[in-house]
Amino acid sequence: MTVGATSLDDAVSAVDLHLSFGATPALRGADLTLAAGEVLALMGPSGSGKSTLLYCLAGILRPDRGEVRVLGRPTADLTERSRSELRLRTMGFVLQGGELVPELTISENVALPLQLLGTSHRESVERAAAMLETVGLGGAGARRTGAVSGGEAQRAAVARALVHEPEIVLADEPTGALDTVNGEQVLDLLLTTARARGASVLLVTHDHRVAAHADRVAVMRDGALVPERTT
């Protein structure tokens, strides 16, 4: 599917997004479509607007102009609370530093999305434990985030992003803070698990090795998507 073409089956889409921070434009008519079940890599130089676009898709930032749809639903008229609820129910996030809560154990971090969704404590703990087994951290649930390596923390972040089985996973430089070996392992876990669950994945990355794992690559420059070319 070409940039800007949308359908009701898309996981998330942006059409003609504009956003400025003061006098500085960050998005200049950005169009992006993430199809259901697709892994899309979004590349571009620093300052091109990749992360800003991701935060608009997630409903964290509200564009000045343009339309965002999540699972076919326009989000422009949703309240802040409704956008937060939609984000919690439909999306999982993996950020460069993992962003785990340091006061919680690894298991408590992974169970957090489930508890925010109202899942019982017992079920949350059980599902978190099963997800930690999936990512190879079965014995680390009781440890604090400061007692695990960077690779283990990022595995835990993947587990937290996927434990509530979201339809959409947004990953912003998910391997950027890791060495090559740990980065490959974390990326493989993320994509293998997401694909097995039918989730759509948007990978924001500078790394061509990461982008090579995607089904499709889109490129941003100066706040807009570069037209895709078929070779």
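The values are calculated or read from the model by the stated rules, or taken from the named source; none is laboratory data. Bear in mind the structure is a predicted one, so any value in this text is a computation, not a measurement. Virtual Cβ from ideal backbone geometry, glycine too; neighbours counted across all protein chains shown.
Annotations for the structure displayed:
- Screening the candidates Val169, Val210 for the property of being within 16 Å of Ala36 (Cβ to Cβ) and either modelled with pLDDT of 95 or more or not in a strand (DSSP E or B) (or both) yields one hit, Val169.
- Residue that is farthest from Asp10 (Cα to Cα) [pool: residues in region 75-97 that are over 16 Å from the mean Cα position of the chain (by Cα) and in a loop (DSSP other than H, G, I, E, B)]: Thr79
- Residue, surrounded by the most Cβ atoms within 10 Å (Cβ to Cβ), within region 130-177, restricted to residues that are among the charged types (D, E, K, R) and under 21 Å from Ala211 (Cα atoms): Arg155
- Among all residues of region 154-162, there is none that is without any contact (Cβ under 8 Å) to a residue 24 or more places away in the chain, on the phi < 0 side of the Ramachandran plot and not in a loop (DSSP other than H, G, I, E, B).
- Region 27-58: number of residues that are more than 24 Å from Thr90 (Cβ to Cβ) and in contact (Cβ under 8 Å) with a residue 12 or more places away in the chain: 7
Yes/no per residue for (1) more than 17 Å from the chain's Cα centre (by Cα); (2) modelled with pLDDT of 90 or more; (3) closer than 23 Å to Met91 by Cβ:
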{"site": "Glu123", "(1), (2), (3)": "yes, yes, yes"}
{"site": "Arg127", "(1), (2), (3)": "yes, yes, yes"}
{"site": "Leu132", "(1), (2), (3)": "yes, yes, yes"}
{"site": "Asp179", "(1), (2), (3)": "yes, no, no"}
{"site": "Val186", "(1), (2), (3)": "no, no, yes"}
{"site": "Thr192", "(1), (2), (3)": "no, yes, yes"}
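- Region 191-207, residues that are under 22 Å from Tyr55 (Cα atoms) and either without any contact (Cβ under 8 Å) to a residue 40 or more places away in the chain or assigned to a helix (DSSP H, G or I) (or both): Leu191, Ala194, Asp207
- Residues considered: Leu34, Leu95. Of these, the only one that is modelled with pLDDT of 95 or more and within 12 Å of Leu170 (Cβ to Cβ) is Leu34.
- Residues (surrounded by fewer than 22 Cβ atoms within 10 Å (Cβ to Cβ), assigned to a helix (DSSP H, G or I) and not hydrophobic (A, V, I, L, M, F, W, C)) located in region 98-129: Ser107, Glu108, Gln115, His121, Arg122, Glu123, Glu126, Arg127
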